[in-house]
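Engineer: Just passing along the structure, written as structure tokens.
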Amino acid sequence: MRGFKETGFNERVAAANKAKAKALEMLKNKPKPSEAELAERAERRRAKEAAAAEKRAAAKAAREAEQAAKEQAEREAAEAAEAAAEEARAAALAAQPKVPTAEELKAARDARYAARKARKR
């Protein structure tokens, strides 16, 4: 029994060229699509592009609505935080003891002086 005969380089190149020529011949012999088929393909492509554009527009509208809702929620949170801070400031101000003014201090001093004079008399 004989062993496997390996092909040489030139034989492999020739086989590759033969296969390429056969593939090219098959492409040349392929019938051209008719005008109706080309029009149908173009119409399907336009319909597919229109559907994709509509889908993109819907996604964009959804993103914009989501962004608007997020901004509205942030504004409401900021307003609530500001109102809470204002209430805290008002509560802190109400809790502070009132610092008397110079006129009030002078009036209290004069009242003590007058009371002391009245006790001595």
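Okay, residues lined up against (1) under 51 Å from the mean Cα position of the chain (by Cα); (2) among the aliphatic types (A, V, I, L, M); (3) modelled with pLDDT under 90:
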residue	(1), (2), (3)
72	yes, no, no
83	yes, yes, no
87	yes, no, no
108	no, yes, no
113	no, no, no
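Conditions (1) hydrophobic (A, V, I, L, M, F, W, C); (2) in contact (Cβ under 8 Å) with a residue 40 or more places away in the chain; (3) surrounded by 10 or more Cβ atoms within 10 Å (Cβ to Cβ), marked per residue:
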residue: 47; (1), (2), (3): yes, no, yes
residue: 50; (1), (2), (3): yes, no, yes
residue: 55; (1), (2), (3): no, no, yes
residue: 71; (1), (2), (3): no, no, yes
residue: 81; (1), (2), (3): yes, no, yes
residue: 94; (1), (2), (3): yes, no, no
residue: 100; (1), (2), (3): no, no, yes
residue: 103; (1), (2), (3): no, no, no
residue: 108; (1), (2), (3): yes, no, yes
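Engineer: Please indicate, with yes or no, whether at least one residue in the range 26-35 is in a helix (DSSP H, G or I) and either of a type in the set (Gly, Ala, Ser) or modelled with pLDDT of 95 or more (or both).
Structural biologist: No: zero hits.
The values are calculated or read from the model by the stated rules, or taken from the named source; none is laboratory data. As the structure is a computational prediction, the values presented were derived from the model and not from experiment. When we count neighbours, we look across all protein chains shown, and the Cβ atoms used for this are built from the backbone with ideal geometry, even at glycine.
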